[in-house]
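Take a look at the structure set out below.
The values are calculated or read from the model by the stated rules, or taken from the named source; none is laboratory data. All of these numbers come straight from a predicted model, not from anything done at the bench. Counting neighbours? That spans all protein chains shown, and the Cβs are built from the backbone with ideal geometry, glycine included. Only protein heavy atoms, including side chains, enter the accessible area calculation; ligands, DNA and RNA are left aside. Shrake-Rupley method; radii C 1.70, N 1.55, O 1.52, S 1.80 Å.
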Amino acid sequence: MLVVAGTGTGVGKTAVTAAVAAAHRGRTAVLKPAQTGAVPGEAGDADEVAHLVPGTAVCELARYPDPLAPATAARRVGRAGVRAADAADAARALARENDLVLVEGAGGLLVRLHAAGDTLADVAAELGAPVLLVVRAGLGTLNDTALAAEAVAARGLACAGTVIGNLGVRPDLAVRCNLADLPEVSGLPLLGALPEGAPACRPRAFAEVAQAALAPPLGGRWRAPRRPGRVPVPEPVVR
């Protein structure tokens, strides 16, 4: 199992989750404990993964219409939210029929899923599963990533590494330097960087992008740069 967490909202967790699923050679399932900002019948993050990676089993435990933190969105519709134990039970059930289960969070690692304070970190602890941190590419990501890495370590959780969710069209100086600095600042390996526009790909093209943008531990062939200025990722994806 692998718990996919972000350093914040909008960092590309769903794209990275889909990419890891696409690069995996066995049967894969994706669990979304809480989907916010979507009404019934509207496509959510799990649906996007299913579209990008056909054959992936997807499961969503709760859905709330307001684009807020899950516990807050749940409270606004008179619900308590999703307990970490319930999310862990659902992940274990998926694991009985799949080789890899990816648990995608909502927002950051410590955003509350339940009124009692349960977070995605608690789900990882319940499962004894490593965390994969999805991070931003640009200025400010070093601090965000270092804080998230410290939070993971403080809770005694394992961390597989980091992946940049969206490299951008033309990586500037800050991005190029961050590619080299992220492993040093976080103490974690950089395991990939998804190019701009990857989620707009059709499934076959997306699988090729995933292979090119993820490092071997995640099933791809990407290699992290050893010094600033070298950005080993595919060209930006154009519709």
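Consider ALA71 carefully, then state whether it is at pLDDT 95 or above, surrounded by fewer than 17 Cβ atoms within 10 Å (Cβ to Cβ) and closer than 12 Å to LEU113 by Cβ.
Details: at pLDDT 95 or above: yes; surrounded by fewer than 17 Cβ atoms within 10 Å (Cβ to Cβ): no; closer than 12 Å to LEU113 by Cβ: yes.
Criteria not met by ALA71.
Given the criterion open to solvent by less than 30 Å² (accessible area, probe 1.4 Å), small (Gly, Ala, Ser), within 25 Å of THR28 (Cα to Cα) and at pLDDT 95 or above, identify the matching residue among ALA137, ALA121, ALA125. Steps first, please.
Values: ALA137 fails: within 25 Å of THR28 (Cα to Cα); ALA125 fails: open to solvent by less than 30 Å² (accessible area, probe 1.4 Å).
Within the list ALA137, ALA121, ALA125, the selection yields ALA121.
Just give me the residues in region 12-23 being in contact with a strand residue (DSSP E or B) (Cβ under 6 Å, 6 or more places away or on another chain) and either open to solvent by 10 Å² or more (accessible area, probe 1.4 Å) or part of a strand (DSSP E or B) (or both), in sequence order.
Once the filter is applied, which keeps residues that are in contact with a strand residue (DSSP E or B) (Cβ under 6 Å, 6 or more places away or on another chain) and either open to solvent by 10 Å² or more (accessible area, probe 1.4 Å) or part of a strand (DSSP E or B) (or both), region 12-23 yields GLY12, LYS13.
Specify the residue that is nearest to GLY128 (Cα to Cα); the eligible residues are those in region 87-109 that are in a helix (DSSP H, G or I) and without any contact (Cβ under 8 Å) to a residue 40 or more places away in the chain. Step through it out loud before you land on a result.
Here is the first cut: in region 87-109, the ones in a helix (DSSP H, G or I) are 87-95.
Retained after the next criterion (residues that are without any contact (Cβ under 8 Å) to a residue 40 or more places away in the chain): 88-89, 92-93.
Values: ALA88: 10, ASP89: 12, ARG92: 11, ALA93: 15 Å.
Filtering region 87-109 for residues that are in a helix (DSSP H, G or I) and without any contact (Cβ under 8 Å) to a residue 40 or more places away in the chain, the one nearest to GLY128 (Cα to Cα) comes out as ALA88.
With respect to VAL58, determine if the residue is open to solvent by less than 10 Å² (accessible area, probe 1.4 Å), under 22 Å from LEU194 (Cβ atoms) and not in a loop (DSSP other than H, G, I, E, B).
Working: open to solvent by less than 10 Å² (accessible area, probe 1.4 Å): no; under 22 Å from LEU194 (Cβ atoms): yes; not in a loop (DSSP other than H, G, I, E, B): yes.
Taking the combined requirement at face value, the residue does not satisfy it.
Taking the stated definitions as given, is THR145 over 28 Å from GLY187 (Cα atoms), of a type in the set (Ser, Thr, Tyr) and at pLDDT 95 or above?
Working: over 28 Å from GLY187 (Cα atoms): no; of a type in the set (Ser, Thr, Tyr): yes; at pLDDT 95 or above: yes.
No: the conditions fail for THR145.
Scan region 24-38 and tell me whether some residue there is open to solvent by less than 20 Å² (accessible area, probe 1.4 Å) and in a helix (DSSP H, G or I). Give the steps one after another, and end with the answer.
Filtering region 24-38 for residues open to solvent by less than 20 Å² (accessible area, probe 1.4 Å) gives 28-35, 38.
Now narrow it down to the ones that are in a helix (DSSP H, G or I): none.
Looking for residues that are open to solvent by less than 20 Å² (accessible area, probe 1.4 Å) and in a helix (DSSP H, G or I), one finds none in region 24-38, hence no.
Out of (1) modelled with pLDDT of 95 or more; (2) out of contact with any Asp or Glu (no Cβ under 7 Å at 6 or more places or on another chain); (3) among the aliphatic types (A, V, I, L, M), the odd one out for ALA106 is which?
Answer for ALA106: the failing condition is (1).
Every residue, every condition in (1) free of Cβ contacts under 8 Å to residues at least 40 places away in the same chain; (2) closer than 22 Å to ARG76 by Cβ, yes or no:
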residue	(1), (2)
VAL111	no, yes
ALA116	yes, yes
VAL131	no, no
VAL135	no, no
GLY140	yes, no
LEU147	no, no
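Across region 187-224, which residue is surrounded by the fewest Cβ atoms within 10 Å (Cβ to Cβ) among those that are on the phi > 0 side of the Ramachandran plot and in a loop (DSSP other than H, G, I, E, B)? Explain how you work it out, then say what you get.
Initially, region 187-224 is screened for residues on the phi > 0 side of the Ramachandran plot, giving 187, 192, 197, 219.
This time we only want the ones that are in a loop (DSSP other than H, G, I, E, B), so: 187, 197, 219.
Numbers: GLY187: 13, GLY197: 16, GLY219: 19.
Among residues in region 187-224 that are on the phi > 0 side of the Ramachandran plot and in a loop (DSSP other than H, G, I, E, B), the one surrounded by the fewest Cβ atoms within 10 Å (Cβ to Cβ) is GLY187.
Output the qualifying pairs, or none if there are none: Cβ atoms under 6 angstrom, residues six or more apart or on different chains, first residue in region 40-64 and within 17 Å of GLY107 (Cβ to Cβ), second residue charged (D, E, K, R) and crowded, with 20+ Cβ neighbours inside 10 Å.
ASP45/LYS32; ALA46/LYS32; GLU60/LYS32
Can GLY41 be described as open to solvent by 10 Å² or more (accessible area, probe 1.4 Å) and in contact with a His (Cβ under 9 Å, 6 or more places away or on another chain)? Break it down into steps so the answer makes sense when it comes.
Details: open to solvent by 10 Å² or more (accessible area, probe 1.4 Å): yes; in contact with a His (Cβ under 9 Å, 6 or more places away or on another chain): no.
It is false that GLY41 is open to solvent by 10 Å² or more (accessible area, probe 1.4 Å) and in contact with a His (Cβ under 9 Å, 6 or more places away or on another chain).
The rows are residues; the columns are (1) at positive phi; (2) small (Gly, Ala, Ser); (3) at pLDDT below 95.
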{"site": "ALA5", "(1), (2), (3)": "no, yes, no"}
{"site": "THR9", "(1), (2), (3)": "no, no, yes"}
{"site": "ALA18", "(1), (2), (3)": "no, yes, no"}
{"site": "ARG25", "(1), (2), (3)": "no, no, yes"}
{"site": "LEU31", "(1), (2), (3)": "no, no, no"}
{"site": "ALA43", "(1), (2), (3)": "no, yes, yes"}
{"site": "ALA50", "(1), (2), (3)": "no, yes, no"}
{"site": "PRO54", "(1), (2), (3)": "no, no, no"}
